[in-house]
Amino acid sequence: MRESGQQRIAVIRWLTFLMFMMFAMTTDSVGVIIPQIVKEFGLSLTAAGAFHYATMAAIAAAALLLGFLADRIGRKQTIVLGLTLFALNSYLFLIGNTFAYFLCLLIISGTSIGIFKTGALALIGDISLSTKQHTATMNLVEGFFGVGAIIGPAIVTALINDGISWKWLYFIAGTLCVCLILIALLVRYPKTMKVSVEPADLRRTLRMMRNPYALAFGLGVLLYVAIEASVYVWAPLYLADYHGGWKILASYAISVFFILRAAGRFLGGWMLAKLDWTLLLAIFSLAIFLCLAGSVYGGVRTAVVLLPVSGLFMSVIYPTLNSKGISCFSKSEHGAVAGVILFFTCVGAVLGPLAMAALIDAVGAPKYAFVLATGFAGVLFAGLLYNWLRQPTRSILLKLDAGEYGVTAPLQL
């Protein structure tokens, strides 16, 4: 590829990184925003929790129902469509003042994220020269998502401390989004190589839900997200009873968790270059299981250390499962399969915390959220151990490496 082409690919990579960082600033700030919503509208925590569930449900629906757009109308058009909807919707937060109004905007926001995220995930395949590079890039992308998950809550906290409404976070995100739209419109994208003659539509996406590769990776992602949610949703409640010498760590446990998760994702490409991805995921999933089991067995005295540290081991699990699941399909199907896996991601983000909340309410102790999460981690480890021992995807990944990924796609406006 000529240098100009390499420069354009670099711009596309950075555009993708910043997209993920931008929307993470809003989706992962919900935990800081919800207490403000409770105060403003006199809501219960359950009702205010709709700020999280509405967005996740909308992302899931858009990913499943509209994921095929990236394959039908192209990556660039899908990304610009989703980003434009997200930007316009973000500015609307400033002119409303009712809970129902904000809830509607969150549904639109989730829909727009589902659209441009599936386009971006499909685009990663177009700019990757091998399935290994695809996985490394996915880890970098999710690393920037982790950065956004740190920046967003910090911005909301700073706004609140200065007496400024949390709504201005969406103005900031919307303005960043406008900049990304301008870049997306100007840069030339690689052409998507058409391998499948099957029309890119909703029926193909729904049929893909029955594909063993899409289903297996989707369920793995669902389990992982439910496990991750147990930490960032319930760890503060669990550690509230801690009174030992690690009090500062207990107070900043979630911040440490997110920092280690983001750092681990940036290191993911290096680690995956040194170790076989199936072995690495088996080792890390075992480490997650041990961290959660130790947090349950040892109580808050061990949980204060093990729960934040688990973020380092969680770092590469999601982007690698996501990448390998997408890489098992031809590039012309990446939009649809990315939508399917994103659907499972959001289902895990909704059902995981809900199941744990129901268990806590029934038993009366937050510790039992981690009992359930430990069970999920055990199932995930068993699946990834089987994946390492049996290597069910090796042949198809090698075939695609020698085929589609061995061909450089031309650029288009």
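The values are calculated or read from the model by the stated rules, or taken from the named source; none is laboratory data. Not measured: the values here are computed from a predicted model. No Cβ is skipped: glycine too gets one built from the backbone with ideal geometry, and neighbour counts run over all protein chains shown.
Please go through region 239-259 and pick out each residue that is at pLDDT 85 or above and under 20 Å from G352 (Cβ atoms).
L239, A253, F257, F258, listed by residue number.
For a quick check of your reading: which helices (runs of 4 or more DSSP H) sit entirely within region 34-140 and have at least 1 residues that are in contact with an Asp or Glu (Cβ under 9 Å, 6 or more places away or on another chain), buried (at least 18 other Cβ atoms within 10 Å of the Cβ) and without any contact (Cβ under 8 Å) to a residue 12 or more places away in the chain? Steps first, answer last, please.
Numbers: elements: 45-48, 50-66, 69-72, 75-91, 99-126.
Helices (runs of 4 or more DSSP H) meeting the threshold: none at all.
Scan the helices (runs of 4 or more DSSP H) fully inside region 307-413 and keep the ones with 1 or more residues being of a type outside the set (A, V, I, L, M), modelled with pLDDT under 90 and over 30 Å from I127 (Cβ atoms). Even if it seems obvious, please write down each step before you answer.
On the way: elements: 317-327, 334-363, 367-390, 394-402.
Those helices (runs of 4 or more DSSP H) span 334-363, 367-390.
Out of the residues in region 84-126 that are touching a Leu at 6+ places or on another chain (Cβ under 8 Å) and among the aliphatic types (A, V, I, L, M), state the one that is nearest to A173 (Cα to Cα).
Per the stated criteria, the residue is L92.
From the residues in region 329-351 that are over 12 Å from the mean Cα position of the chain (by Cα) and of a type in the set (S, T, Y), which one is nearest to A62 (Cα to Cα)?
S332
Just give me the residues in region 8-20 being within 13 Å of F116 (Cβ to Cβ) and out of contact with any Lys or Arg (no Cβ under 9 Å at 6 or more places or on another chain), in sequence order.
Filtering region 8-20 for residues within 13 Å of F116 (Cβ to Cβ) gives 15-16, 18-20.
If the condition is that a residue be within 13 Å of F116 (Cβ to Cβ) and out of contact with any Lys or Arg (no Cβ under 9 Å at 6 or more places or on another chain), then L15, T16, L18 are the ones that fit.
Return yes when S90 is under 27 Å from S255 (Cβ atoms), at pLDDT 95 or above and small (G, A, S) and no when it is not.
Criteria met by S90.
Taking interchain pairs and intrachain pairs at least six residues apart, which have beta carbon atoms under 7 angstrom, with the first residue in region 171-182 and surrounded by 17 or more Cβ atoms within 10 Å (Cβ to Cβ) and the second polar (S, T, N, Q) and modelled with pLDDT under 95?
Close Cβ pairs (under 7 Å, with a partner that is polar (S, T, N, Q) and modelled with pLDDT under 95) amount to A173/T26.
Please count how many residues of region 283-302 are crowded, with 22+ Cβ neighbours inside 10 Å and either hydrophobic (A, V, I, L, M, F, W, C) or on the phi > 0 side of the Ramachandran plot (or both). Outline the logic, then answer.
Step one: list which residues in region 283-302 are crowded, with 22+ Cβ neighbours inside 10 Å, which gives 284-285, 288-289, 291-292, 295.
Restricting the remaining residues to those that are either hydrophobic (A, V, I, L, M, F, W, C) or on the phi > 0 side of the Ramachandran plot (or both) gives 284, 288-289, 291-292.
Counting residues in region 283-302 that are crowded, with 22+ Cβ neighbours inside 10 Å and either hydrophobic (A, V, I, L, M, F, W, C) or on the phi > 0 side of the Ramachandran plot (or both) gives 5.
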